[in-house]
1. Starting from the Cα-Cα distance between A:Thr224 and A:Val57, subtract it from 0.36 nm times their residue separation and give me the gain in nm to one decimal.
2. Once B and A are treated as a pair rather than alone, how much accessible area drops out, both sides summed, in Å² to 100, probe 1.4 Å?
3. Would you grab the residues whose amide H sits under 5 Å from the one on A:Ser113? Only those 5+ places off in sequence or on another chain, please, with H modelled 1.01 Å from N.
4. Per-residue Cβ counts within 10 Å, from other chains only, averaged over B:16-25: what number is that?
5. Please calculate how many Å² of accessible area the range A:217-278 carries per residue, with a 1.4 Å probe and no DNA, RNA or ligand atoms counted.
6. Please give every one of the aspartates and glutamates within straight-line cross-link reach of A:Lys128, meaning a C-alpha to C-alpha distance under 20 Å, and leave out same-chain neighbours fewer than 8 residues apart.
7. Helix A:63-89 versus the longest principal axis of chain A: what angle, 0 to 90°, nearest 10, using Cα atoms?
8. Counting only residues 5 or more places away or on other chains, whose amide H sits under 5 Å from the amide H of A:Arg189 once H atoms are built in the peptide plane?
Amino acid sequence: MRSLFRLLIKNYPFLLFLVLEVISVVFIVNYNSFQRASFLNSSNAVTAGIYNSYSGVVQYFRLARVNAELSEENARLLNMLENYQNAFSDSIRIAHKQDSAFQYIPARVINNSVNKQQNYITLNKGRKDGIKPDQGIVSPNGIVGIVTNVSESYSMGLSVLNPRWSVSAKLQKSGFYGSLVWDGEDYQRAQLSEIPFHVNLQLGDTIVTSGYSSVFPEGILIGTIDAFDRPEGENYYTISVLLSADFKSITYVEVIGNNRIEELRTLKSETENGTAGN
Amino acid sequence: MGRLAIKYFSMFVVLVAVQVLVFNQIQFSGYINPYVYVLFIMLLPLNAPRYAVLLLSFLIGLAVDVFSNSLGIHTFAAVFIAYVRPLVIRVITNREEELNDYPGLARTGPIWFISYTSIMVVLHHFVLFYIEVFTFSGFFTTLYRVFLSSIFSIFVIVLSQFIIFRD
């Protein structure tokens, strides 16, 4: 017994090394479950506070580009408004109650990355601004990610550049849908799968959100087809999608809240449990 | 003792800050991400007790992890190089050479320091990038990332020795 102790004491660096590495592995393996419950990520007050003041300085260097993006979006929205006004001018207006399922909360990106295998995004809005987990994040150019973790005044989420998450996407032209996942290689391209061979594809076809997932409304831009391929012995195309949002320069985004998500969830669980018609 | 603690504490804060606010923000070509906080582990006194080296490396890894949302990955790589540090030093040091306690470039000479940096950085990046992808598929893509980032990290660490933490 005594010699065992002596051996342990003599080799303590190795034991300590093993203990610390085991702790790290536990961290790595449990990170998904940690993420919801723990404060060891960039949405906690200290880390997000530091990122917030840092990005407050750095964002000035990107202002020209942000301005251009915003004015483009402005022009697009004005065009849409014009169309609506033309449509309504000679129609009878029926007073209907405010009935929009989705609401948009503007936020600023305070931390973001593109060169990791799992990329995360931190925003400067949190629970007190109405942000909840599982809300979508979009930029003027297209979808960006999904909120996973919310603190009092900050939130963080997975960006599209994170293989732990997939988006339900469809071809704008034909309506066929599949799922879009990033493969970890190129920050400008993601992969769309589950589109069967009989669908006609063309380079440059637009890919938008499908609206099936309740996270994003239908028809938000994701990107365009950059290359596609029919692998031998499979039933689905492999499609590479050029993402329309430039993840390197994202500054301002909007978080999409779905007011009906609770209703959808109860409906879904009722259907799955077979209690709906009873 | 007190002075030493203050010195290493400030080194810790500066390196974590520089790492997460500057080097993690360089998103150059999607491949290169230098990790310069390795310098902290490298510069710990050579006669420091091994438990202190391991625990401090654990802490700096954890700090970088918390900021980059990669819990456990940097911690693992940092503890790993902290454990192999004495071996690396033994391999690259001649027996006749009397080693100074502080392994900075000014004290140890350029050749020793560059080989020390290269071995430590490549080991660290190798462990880090493979733990990050958690697979050996795409082995060479990851290896490419390891070497590109290593070159950049080594360059920055050696350069930093002319500017700060000189002794």
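1. Numbers: separation 167, 0.36 × 167 = 60.12 nm, distance 3.35 nm.
Result: 56.8 nm gained on full extension.
2. Values: alone 9260 and 17430 Å², together 23350 Å².
Approximately 3300 Å² gets buried when B meets A.
3. Those lying under 5 Å, H to H, from A:Ser113 are A:Tyr120.
4. Working: counts 0, 2, 0, 0, 6, 7, 1, 0, 4, 6.
The shielding value for this peptide is 3.
5. On the way: 3740 Å² over 62 residues.
Per residue, the range A:217-278 has 60 Å² of solvent-accessible surface.
6. In chain and number order, the partners are A:Glu152, A:Glu254, A:Glu262.
7. 40
8. Those lying under 5 Å, H to H, from A:Arg189 are A:Leu243.
The values are calculated or read from the model by the stated rules, or taken from the named source; none is laboratory data. Small disclaimer: the values here were computed from a predicted structure and weren't measured. Backbone-built Cβ (ideal geometry, glycine too); neighbour counts: all protein chains shown. Note: areas computed on protein heavy atoms with side chains; ligands, DNA, RNA excluded. Shrake-Rupley method; radii C 1.70, N 1.55, O 1.52, S 1.80 Å.
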